[in-house]
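Here is the structure we will look at, set down as structure tokens.
FYI, it's all coordinate maths here, none of it is from the lab. All values derive from a computational prediction rather than experimental measurement. Neighbour counts are summed over all protein chains in view; Cβ atoms, including those assigned to glycine, are modelled from backbone coordinates with ideal geometry.
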Amino acid sequence: MLTVRFAVPLLAALSLCAGRSEAVGEVAFHEQVWPILERACVKCHGPEKQKGELRLDSLEAALKGGKGGAAVVPGNVEKSLLRTLIQHEQPDGDRMPPKEKLHPDEIAIVEKWIAAGALWPEKTASPVATAAPGEKLGNAWSDPRNPIVRIFGGRRLDLWSLRPIAEPEQPTVRNEAWVRQPLDRFVLAGIERADQKPADEASRQTLVRRLYFDVIGLPPTPEEAAAFVADSAPDAYERLVDQLLASPRYGEHWARMWLDVVRYSDSNGFDWDEFRPEAWRFRDYVARSFNFDKPFDKFVREQLAGDEMVKAEPLTAAEQDALIATGYLRMGPHDNSAALFGETKKVRQQLMSDLVDTTGSAFLGMTMSCCRCHDHKYDPLSHADHYRLRAFFEPMQPADDLPVDLAQQQQEIRDFNDKLKPEIAAIKEQIDTLLAPVKSRLVAERRGKLSDEERALLDVPAVKEKGVSDQLKSIQEKLKVPDKELEEGLDPAGKTQHTALSEALAALQKRERKFSTALIARDGTDVPPTRVLEGGNLEQEKEPVVPGFLSALDPNPAKIDPPARAGSTGRRSALAEWIVSETNPLTARVLVNRIWQSYFGEGIVATANDFGLAGARPTNPELLDWLASAFTRRTTDDAATQPALAWSLKSLHRLILTSATYRQSSSFPETERAAPSQLMARQIPRRLSAEALRDSMLAVSGRLLATEGGPPIWPALPQEVLNANPAVLDDNKEKTKGWYPSPPEKSGVRSLYVIQKRNIRVPLLETFDLPENSTSCARRNISTVAPQALTLLNSPFATEMAHAFAGRIEAEAGDAVEAQVERAFALALQRAPDAEERLACVNFRKERGLPEFCRAVLNLNEFVYFD
Amino acid sequence: MDHDCNFCSRRDFLTRVGGGFGALALSAMLQRDLRAANPPAVEIDPISPFAPRPTHFAPTAKSVIFLYMVGGPSQIDTFDYKPALQTLSGKPVPESIRSALRASKHANVFEGCKDEIMGSPYKWAQHGQSGKWVSELFPNVARHVDDLCFIHSLQADSNNHAPASYQMHTGEILAGKASMGSWVTYGLGTENQNLPGYVLLFDAGPLGGAANYSNGFLPPAFQGTRLRDQGVPVLDLLPPEAFASGQRASLDLIRDLNLKHRASRPGLPELDARIASYELAYRMQSEAMEVGDIQSESATVRESYGIDHSEKRLAAYGRKCLLARRLVERGVRFVQVYDMPDKDGWDAHDNVTKNHSPRALWTDQPVAALIADLKQRGLLDETLVIWASEFGRTPMMQGDRGRQHNAAGFTIWMAGGGVQAGTSIGATDEIGLMAVKQPTPFCDLHATILTALGIRSDDLYYEHNSRMERLTGVAGIAKVIPGVLRARA
């Protein structure tokens, strides 16, 4: 197709393209005729409106015609109503398009097309489904008319992830005794097929450390670790799993997984990278949802369309959360400065494609960004599919001023403010009265300075003519007296009185209570049409589309019901319903794979955001489907082999954590070759994430602060780090572009609560692979680079932690060097040093002192990795 | 415990991982079989990701110094001489030029400025054999015009700083992509394994922040490292004073305990890598201190760059240019230098003279010194120097004799590294508003830079979320700009 780099005049474009497509006579339908129909006719005679009961978006419809009979008679230009109407020759005066006649060249093209037989070739036919009214098309596997079948000639339908989730039979295994959960059979069957054996169960020492890091992202205290190691009850492990899943620290740790996926940030990105003071409400919502074990389907519904679930002002905390959840729709980068340069439309376009891309990656594991410009290169996704998804979001607008307080609180705020109103009005009146004499004197002075013509103009009753009224405005402008000048015109007594009144007014206004707001969205009143954009280019609009799901699965326009909230379109609710519906096999597979990936370092599908043909295949498809079906199942007759988790994440965690697969040791005898990781015949030691590393340093040194969330904490950073984005040097009145360090005593919170700006990153977290947060992150990088060593050895934070850790040890273990070494090992590594280690550490501690020893401990591989 | 012996037994390993400042990024190794649809463009040795890699064909440049001018210097007040601008000063934009711009995708360049042409406040003169017109803003650079290749017809896809700046750095107007320096070190590795391959020098970063110079989706090994031009060259390079004398003892203890930990965990290269990273960090301290010691240069050199100049900002930029030369001299692949000393850059909305005159003063001498110094040392032939920004400025007035952004046509120049010296390519219309001769998108500039480095731009890709990401874009439509590079032998 055409490149998008240079705008090409319409007719030149036509001639360029004509040679490349199957010409119909001398006319290429898709390149020449369809653009005319699409631009001039289909808006009123297409999927959205059918004026005169006529549609012109398929040949069938054009042949059938509307009230006036067939629109097109192939081969007979004279008898084709379409031609009569566009020539504006209809005797009853009906002319099409009604507003502006088509260009003679365009009319000629349509005539030629009809004369040549009005062929509407199938091969590149509209990528939008064109069933007869009332009829539904089937999915790509059942209905040859499905546009995906037509576009890709029936290929690409072997994509595993779009096939229904199977409910696989439990495989039989030789070593049945090893199995703790049904999922273990799927893993073990694979291991046995490869003639391998699963690893032994990890030691209790290892397990307790692993469980703490995996479930809550923090190390156990020495006492917690010891208690578990000593607990010989048969259900000790299961009880610890439950205890950890019930900890509020669980939500704080796991929220990060989802925040990576939805590219959470506390700032806008781009040039100004303004702080988003309310974004934290979404971050806390995610942590809260995980802690309350909100069913994942509900979690999806709320993020996509929570606003539509709430009728009016929120009545409950749950309804508040539903509103706050729509922060998902607002998480992408946003360029506020674009309006200054006439690029608002472009930014809106970016926002929309970002939402489609992220929704595709986050919930569906489909790379929708590929079909923004053209049909997908690998997957059964059409160009139109991107825009069908986009249409769900099209009416969306920011709702930054919408109060999120409970209805009752809102009423209280209004009542409270209402009570202040008379007082405020009274003071304002007193001020006006006080200033009135000064004002009339000063206005009169100014009037005296006007020219005669100007004064005359002021006295003309109504000046309508534009030039004159501009002049009038400027004259009136000259008469205005600034407040400051008014005040200065008062006598000393008046000035004193004015100051007192102004202060009283300010005090009253300060008492006025404000509504809480959030970074949220809702539908606006305007529902702009959605059109496929050639090459993703705003200037090249193609056919209009209505909201619809992935065409391969359901090519029909989505059925959209009015939502609870009046005035909203219900489009996003329809999308959310489909995303969590049984007809969509992607969501559950994608989610269980994310959880699996977190526990084993690698997903069953290695590409967690891409379940397409270019992504990885599942290494154990039966396991994936077994997990996905268990996850979504609501009732069961046999909970042992077919659990019904009803979208509960905690139940899914429990299932995996209590499996034999998870409990394997990560070590294996050096003489043996390691089995391929896909077999999961052992655990894999994992490095702490950036957040878990920082949190562990804080926890071990006794500096970790518990918090309930709320606005982010800003660590103090060197100016040179802040200068990475020069916008901080240019802070604004609203205080959104600068850096606002929190008091040091508040900075020891978990990393979840540390400010996440887009264009200034906290160096410690960045060095340890904090993901870039403009696009969805499927999986953290785990890099090992020399600057990490420098950071952990030399940064001010590391130094501070070393000293704090030393202080804690002194307080807890006293002055005895051996006891100090013991305590340091217990706190940081949850074990005692062996004789060799003790000797080396005691010597070092004696030579170099406790803080330097503590610093070394915080740098150990064993501190940064868990088995 | 017997430190030395334990250490010896691992010597083979430590020797093997002996390379790479930011090295040992294991993500490539850990990314097991992802079954990507396409083979990777570059096979990265995870133990030594910066090892020099073969080029696709003979390069004309080994390294790049990118002098990024933040904020959009005005082409019509620097290097794009337009006599008509003076005669039309004070008049509206001629109708033919206006309608051409309106019909283009750059119509929004009119946004926010007056319909009044403003002549250049600067005097112009011709220089060198090539007779190149240069404004009085750059008297020193003007002496080197015969070494430069000007491109007068660049066009950005956005008229706003951050998106256009992202596009100049990464090829895309959105954040999240990989920067040129990351691409080049990903493709080629670097010559010096004890210094970073991709270095950033700035007082204040470019507009749009870190997303400009980020590694984006490329492995973190290829992220840029910021070096300071004064004092300790890298953030957190040296231990705090209290721990300084015990550094070696600390590193030994950490290493010994780590080796013991590792002994019971065979087959885990990431643990080995982490052990080695501490030794590398140690070695890097002396290397980085050495390269950062610009005072060791001769007095003549120091003076030529102005590093002790009484004008502080000139001195600061001079230090960066000198450091850039020292870095490429030691085999660093890509050095990105920003001139931004404050929040404005060249963003002369209000008044061109007030903004541009001091900035030209701060940068002119150091840039000229860099060219001369590279040339004198025989380094210019293998170093590609690029002077560019995200866009230029309008011939129309804004504010009090200022100029608005202009993405429709602006000037950059290149020197050294196989560039056709003393030439000018492309042209804007008679008032310098829009490129009319050889309009050049950024992807073509990127293709040209990669070509000088011996890389076929279409073959330098990284598969990410099913897209074949390239510096030159997924569409694969970039062309080398004709006339910029000397024909390859």
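Multiplying each eigenvalue of the alpha-carbon gyration tensor of the stretch A:685-728 by 5 and taking the square root yields semi-axes of 25, 16, 11 Å, largest first, rounded to whole angstroms. Kirkwood analysis of chain B, using all unique Cα-Cα pairs, places the hydrodynamic radius at 23.7 Å. A simple rule links phi to the HN-Hα coupling: the Karplus curve 6.51 cos²θ - 1.76 cosθ + 1.60 with θ = phi - 60°, which for the stretch A:139-146 gives 6, 5, 8, 10, 9, x, 7, 4 Hz, with x for Gly and Pro. With a 10 Å cut-off around each Cβ of B:155-165, the average count of Cβ atoms from other chains is 6.
Working from the Cα coordinates of the stretch A:560-606, the gyration tensor eigenvalues give, after taking √(5λ), semi-axes of 33, 10, 6 Å in decreasing order.
For helix B:442-452, report the angle its Cα long axis makes with the longest principal axis of the Cα atoms of chain B; keep it between 0 and 90° and round to the nearest 10°. Once rounded, the angle reads 50 degrees. The three principal axes of the C-alpha atoms in the stretch A:541-642 carry coordinate ranges of 44, 39, 22 Å, sorted with the longest axis first. Since only A:Pro168, B:Trp387, A:Ile191 are under comparison, the one whose Cα sits farthest along the positive direction of the charge dipole of the protein assembly as shown, derived from C-beta charges on Lys, Arg, Asp and Glu, is B:Trp387. Note that the stretch B:275-327, at 37 °C in a medium of 0.692 mPa s, gets a Stokes-Einstein diffusion coefficient of 270 µm²/s from its Kirkwood radius over C-alpha pairs.
For the stretch A:704-748, GluC sites (Glu not before Pro) are listed when DSSP marks them as loop and at most 14 other Cβ atoms sit within 10 Å of their Cβ; the list is A:Glu708, A:Glu734. Between the amide H of B:Lys132 and those of B:His127, distances stay under 5 Å, these residues lying 5 or more places away or on another chain, with hydrogens modeled in the peptide plane. Dipole orientation for the stretch A:425-558: of the candidates A:Leu450, A:Leu533, A:Gly489, A:Gly489 has the Cα lying most toward the positive pole (charges on Cβ; Lys, Arg +1; Asp, Glu -1).
Pairs exceeding 18 Å between alpha-carbon atoms, taken from B:Lys312/B:Lys343; A:Lys478/A:Lys733; A:Lys197/B:Lys260; A:Lys478/B:Lys91: A:Lys478/A:Lys733; A:Lys197/B:Lys260; A:Lys478/B:Lys91.
Ellipsoid semi-axes for the stretch A:265-396, based on the Cα gyration tensor and the rule √(5λ), read 26, 21, 13 Å when sorted largest first. A Cβ-based charge dipole, computed about the Cα centre of the protein assembly as shown with Lys and Arg at +1 and Asp and Glu at -1, lands at about 1220 debye.
Full extension of the segment from B:Asp342 to B:Lys114, taken as 0.36 nm per residue of separation minus the current Cα-Cα distance, would add 79.4 nm.
Note on the stretch A:792-867: percent of Cα-Cα distances in each 5 Å bin, starting at 0 and stopping at the bin with the largest distance, equals 3, 18, 29, 28, 16, 5, 0.
By how many degrees, 0 to 90 and rounded to 10, does the Cα axis of helix B:247-263 deviate from the longest principal axis of chain B? Approximately 70 degrees, to the nearest 10. Note on the stretch A:604-674: Cα Rg divided by 2.2 N^0.38 Å, N the number of residues, gives 1.38.
The simple spin-label model puts a point 7 Å past each Cα toward its Cβ; for B:Arg98 and A:Lys746 those points are separated by 5.5 nm.
Listed by chain and number, the lysines whose C-alpha is less than 23 Å from the C-alpha of B:Lys132, apart from same-chain residues fewer than 8 away, are B:Lys82, B:Lys123, B:Lys375, B:Lys437. Applying 1/(1 + (r/R0)^6) with R0 = 56 Å to the Cβ-Cβ distance of B:Lys437 and A:Asp638 gives a FRET efficiency near 0.15. Antiparallel beta bridges, as assigned by DSSP with both residues in the protein assembly as shown, represent about 60 percent of the total such bridges.
Full extension of the chain segment joining A:Asp235 with A:Lys345 gains 33.6 nm, where the gain is 0.36 nm per residue of separation less the Cα-Cα distance. The mean number of Cβ atoms from other chains found within 10 Å of a Cβ in peptide A:856-865 is 6, as a whole number.
Restriction of the chymotrypsin sites (Phe, Trp or Tyr not before Pro) in the stretch A:729-793 to DSSP coil positions whose beta-carbon has at most 15 other beta-carbons within 10 angstrom yields no sites.
Spherically averaged projected area of the convex hull of Cα atoms, the stretch B:206-262: 6.7 nm². Once the Cβ-Cβ distance of A:Glu445 and B:Ala125 is raised to the sixth power relative to R0 = 56 Å, the FRET efficiency obtained is 0.50. Modelled this way, with points 7 Å down the Cα-to-C-beta line, the labels at A:Val817 and A:Ala500 are 7.5 nm from one another.
Work out the P(r) tail for chain A: percent of alpha carbon pairs separated by more than 57 Å, whole number. Tail fraction, whole percent: 26.
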